[in-house]
């Protein structure tokens, strides 16, 4: 199975400062997901290894920190 690869820019905005970019990855290679996969986005280790994430599922809170 093969999938098309696209180069994208990933921009994350600062929720505490509207209009301010928080983190930018100017050139990421991403795979196009087939429509049968029930996800909009998968975050790869190339991004995850550069940030801290906290997830409080019951509290409905997802936090990122650089």
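Quick note: the coordinates plus some simple rules give every number you see, no bench work behind them. Keep in mind the model is a prediction, meaning the values are calculated, not measured. Methodologically, a virtual Cβ is constructed for each residue, glycine included, from the backbone with ideal geometry; neighbour enumeration extends over all protein chains shown.
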>> Every residue in the stretch 25-52 that is under 11 Å from the mean Cα position of the chain (by Cα), loosely packed, with under 10 Cβ neighbours inside 10 Å and not in a loop (DSSP other than H, G, I, E, B), please.
In response: 45
> Looking only at the stretch 54-66, which residues are in contact (Cβ under 8 Å) with a residue 12 or more places away in the chain and surrounded by 10 or more Cβ atoms within 10 Å (Cβ to Cβ)?
Replying inline: 64
> Mind checking which residues of the stretch 1-12 are farther than 16 Å from residue 46 by Cβ and touching a strand residue (DSSP E or B) at 6+ places or on another chain (Cβ under 6 Å)?
Replying inline: 3
